[in-house]
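Values quoted throughout were computed directly from the atomic coordinates according to the rules given, and no laboratory measurement underlies them. What you see is a predicted model; the values in this text were computed from it and never measured. Note that we place each Cβ from the backbone using ideal geometry, even for glycine, and neighbour counts take in every protein chain shown.
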Amino acid sequence: MNRQNATPVETHHIQVDSSRPPTAGSTNSGNMPPAACNQLASDNFASAVAQEDVSFAYAALLADNEAFRTRLEREKSRLIEVEKASLAQALLDSTDDLERALLAVADVSVVRNQRLRDLTHGVQLSLAVLYKRIADMGAERMVTTGQRFDPLFAEAVGTISVADPAQNGIIIDEVRPGYRVGDRLLRPAQVRVGHLVHRG
């Protein structure tokens, strides 16, 4: 080949302006000024802290919501128990009236009348129904006869003279039964308590 006929190759020199800031999305932080690197790190840290704060706030909101639902259910149960106790108390007042009616016709000579016997039987059936409804509401009749008198659960309406020291302060007779709902007193029993009498 004849070197005189060769076409000269043009060469281009690309000048890089190092003063230009890095383009957006560039991952080469080595070309960033120190102030820009510090600002980026500060922004990332602030973003992480903000996300953590949001997570804590959300968790606290869930906990508060659960606690509120628990309090609501507990208050609902309490109100139901109060309503049951109120209704049971009203039914107990009715049973007292019916029991007094039965006592009024307890004399055998009176009950010989057929109509009164039928009426007595009807009252007894009504009492049985009322007692069942009272029990369904959670009310329980307290056993007091033979127990030592406790003013927290019974009301003394009289005394009965006893000669046995072991019966002193013991409930001898129950005038009106007492009821409770769980550990809560619904109404105290009315009782007569043994009182020791020294015989000379």
**Complete:** Lys and Arg at +1, Asp and Glu at -1: neighbours of F153 with Cβ under 14 Å from its Cβ sum to +1
**Prompt:** Out of the DSSP beta bridges found with both residues in the stretch 83-200, what percent are antiparallel (nearest 5)?
**Reply:** 60
**Message:** Run the numbers for L98 and Q114: contour at 0.36 nm per residue of separation, minus the present Cα-Cα distance, in nm.
**Reply:** 3.9 nm
**Message:** Suppose each label sits 7 Å from its Cα in the direction of the beta carbon; what would the I160-L72 distance come out to in nanometres?
**Reply:** 5.4
**Message:** In whole Hz and in residue order, list the ³J(HN,Hα) couplings for the stretch 132-138 that follow from phi through the Karplus curve 6.51 cos²θ - 1.76 cosθ + 1.60, θ = phi - 60°; x for Gly and Pro.
**Reply:** 5, 5, 5, 5, 5, 8, x
**Request:** May I ask what percent, to the nearest 5, of DSSP beta bridges between residues of the stretch 142-200 are antiparallel?
**Result:** 50
**Item:** Quotient of C-alpha Rg and 2.2 N^0.38 Å, computed over the stretch 142-200
**Value:** 1.17
